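In what follows, a structure is listed as structure tokens, so that the remarks can point back to it.
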Amino acid sequence: MNLKKSIEICQTYCTQSDVIVKQSKQHFDKINASISKLQLILKEIEKQINIIKESSKRFNDQLQPYLYQIHSFTLDKNRIFTSIEFKFDILKNKYIDKSFLSTNNNNNNNNNNNIDSSNNTLFKESTPKTLYDFIDVETLDSIKSQFISELSMLNNKKDQCDSDHLASIKNIEELYSNQFMDLVMKFQEKRTKLKPMQDLIQKEREELKQIQNYQLSITSLYDLEVFNQQQYPSQQQQQQVYSVDQQHRIQQQITMGYESMQKIIRFNKEILEEFKSHSIVYEECLGFWSKLNDFFIQFKDIWEQFERQISTMDQHCTAAGYFISELISLDKWYDLFSTSYDQLLEESTRRHKEFNRQKTIAESYENDLHTMYNNEIQQRNRFYESYGKYLPISLFSVISNPPVQFQLKQFISNNSPTVSNSTTGGGGDDNTNISINSSPK
């Protein structure tokens, strides 16, 4: 192989290697420039992920009071329903005293003399026998039914919020957080490979420099050979020997130049593979960022739907609170009703005792009045026998009139019931008034 051909081969190696080195540098520059963009994109993605996390927390914070209220309503329901049933058992076993029943029936009969016999029979059948018979069970069942309905709708709305909003937001938060962390790890990995790529480019340049040195060396030999041939034509044989000796060295340089070019090609392949891998990560980041932006466009509708659900839950919560408060009031009333009936028995006994006490006083006073009246009659008779019969009637016309007689009158008859189960045999509400009437005998 002559020197001129060797120079051409080295020139080809140099040209190809230079193109490859420049290509590697372009790939590296693109990667280096995109790293900064990737860093900014990841920061924006992180902000959006944090917004999703905060939104998930806000969803949960707004829903928590209703979860607590539902739990509280459920406990109240079990407690109040059980308490009412327990009090009903007590009321069912508290029979109305017979004296009250007979007194009330007599009063009703007096007030309904014009009602036909069939209606009277119906009334007797509907006469309450126990305290439970006074309970408006239909109204109670209606309130219980409405409360259960409101609590059921409240639970349904809560489940709907859980499935449609809270659970989906949590799933999205977890999914996007995992994807983000995966991208961050890939980004960190790609950033750590910048230095190795710089080293590869530096190696490419060094290998290119070697090829250029081989080309320069061969070119120098070629120039020297041409010069010797022109200056010393008589030494052709010696020059020929010299050229043969250099041939082996030239071949080695060409081989080494080829090996350097292969190294450059291999380094370039590594850089190209890394460039492709980096491009994939870059596209993943852009795609993920775009997906997040699309999600936030839809997120406004999700939040508005959630707010409407919360508003509806608030209405059901208010209604359920009203009905449970009514049930709590009824539960207290049933207890007070039972206690008040016990007090009624005691009050009836007390009133009967008081009536008997006042009656005894009235009877005693009436006896005193009768005695005083008789005494007054006798006193007047004595006066008349001693003096009055000697006096003309025209002088004192009323001298023969009897004294004023005072009597006790009971305005309202005593229709107080006598409590049959009372140890004192008490009565009820007599409302008896006593006055003193005077009349001449």
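Where a number appears in this text, it was derived from the coordinates with a stated rule and is not lab data. All values derive from a computational prediction rather than experimental measurement. Cβ atoms come from the backbone with ideal geometry, glycine included; neighbour counts cover every protein chain shown.
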Filter the cross-link list Lys25/Lys209; Lys22/Lys190; Lys37/Lys170; Lys57/Lys158; Lys195/Lys269 down to pairs whose alpha-carbon distance in this structure exceeds 19 Å.
Lys22/Lys190; Lys37/Lys170
Given a cut-off of 31 Å, name the pairs among Lys276/Lys300; Lys43/Lys203; Lys129/Lys353 whose C-alpha atoms lie farther apart than that in the structure shown.
Lys276/Lys300; Lys43/Lys203
Cα-derived Rg to Rh of region 1-95, Kirkwood definition:
1.83
Farthest toward positive dipole pole in region 262-357 [+1 Lys/Arg, -1 Asp/Glu at C-beta], among Leu330, Gln315, Leu286
Leu286
What's the FRET efficiency of Glu307 with Lys92 using the Cβ-Cβ distance as r and R₀ = 56 Å, to the nearest 0.05?
0.70
What ranking, highest mean first, results for peptides 208-215, 84-91 when packing means the other Cβ atoms within 10 Å averaged over each residue?
208-215, 84-91
Using 1/(1 + (r/R0)^6) with R0 = 51 angstrom and r between the beta carbons of Thr82 and Gln410, what's the FRET efficiency to the nearest 0.05?
0.50
If you wrap a convex hull around the Cα atoms of region 280-365, how much volume per residue is inside, in Å³?
119
How are the Cα pair distances of region 308-351 distributed, in percent, across 10 Å bins from 0?
26, 25, 20, 15, 10, 5, 0
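Which order do peptides 185-198, 383-396 fall in by mean Cβ count within 10 Å, highest first?
Peptide ranking by packing, descending: 185-198, 383-396.
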Candidate lysines - alpha carbon under 30 Å from Lys389, same-chain residues fewer than 8 apart omitted:
Lys441
